[in-house]
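First up is the structure itself, then whatever we jot down about it.
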Amino acid sequence: MRHYFFIISTILLSCCKNGKLNQKENQSSDSNVAISLAEKKWIEIYGKSVKEQKPFVAEKKNDSLWIVQGTLPKNRLGGVAYAEVNIKTKKVIKYTHGK
C-alpha cells in the first residue's frame with residue numbers, strides 16, 4: 001500500500017512541476033511576442049530612435065493584456081514608449097510616448 005502511495009505522489013508532483021514550467025515558458029514567449037508587436041508599432045509611428053530605449057520591459061496585466069515600456073537611457077531626461085498589447089489577438093490596443 002505504501003508503494004502505491006509513493007508512486008501516485010511522485011506522479012502528481014512531477015505533473016505539477018511540469019505544469020508550472022510550461023506556464024513560465026508560455027509567459028516568456030508571450031512577453032517576447034508583446035515586446036515585438038509593441039516595438040513594430042513604435043518604429044512605425046515614432047521611427048527607429050525608439051530602439052535607443054532598449055531593453056523593453058513587458059509586464060502581464062491580466063489574461064490577455066501586456067504592458068510594454070521602453071527604458072530611459074542613463075543621463076537622459078524625457079519619457080519612454082508605452083504600449084498595451086492584447087496577446088490573444090496579437091494587436092497593440094494602445095500606444096503613446098512620454099515627453
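The values are calculated or read from the model by the stated rules, or taken from the named source; none is laboratory data. These figures come from a predicted structure and were not determined experimentally. Every residue, glycine among them, receives a Cβ derived from its backbone with ideal geometry; neighbour counts consider all protein chains shown.
For this structure, a couple of remarks:
- For L72: the one exception among (1) at positive phi; (2) at pLDDT below 95: (1)
- Among the residues of the stretch 75-95, those identified as farther than 21 Å from S28 by Cα and in a loop (DSSP other than H, G, I, E, B) are N75, R76, L77, G78, G79, V80.
- Residues of the stretch 45-99 satisfying the condition of being in contact with a strand residue (DSSP E or B) (Cβ under 8 Å, 6 or more places away or on another chain), free of Cβ contacts under 8 Å to residues at least 24 places away in the same chain, farther than 17 Å from V33 by Cα and hydrophobic (A, V, I, L, M, F, W, C): none
Per-residue answers, yes or no, for (1) surrounded by 14 or more Cβ atoms within 10 Å (Cβ to Cβ); (2) charged (D, E, K, R):
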site: A34; (1), (2): yes, no
site: W42; (1), (2): yes, no
site: G47; (1), (2): no, no
site: V50; (1), (2): yes, no
site: Q53; (1), (2): yes, no
site: F56; (1), (2): yes, no
site: K61; (1), (2): no, yes
site: Q69; (1), (2): yes, no
site: L72; (1), (2): yes, no
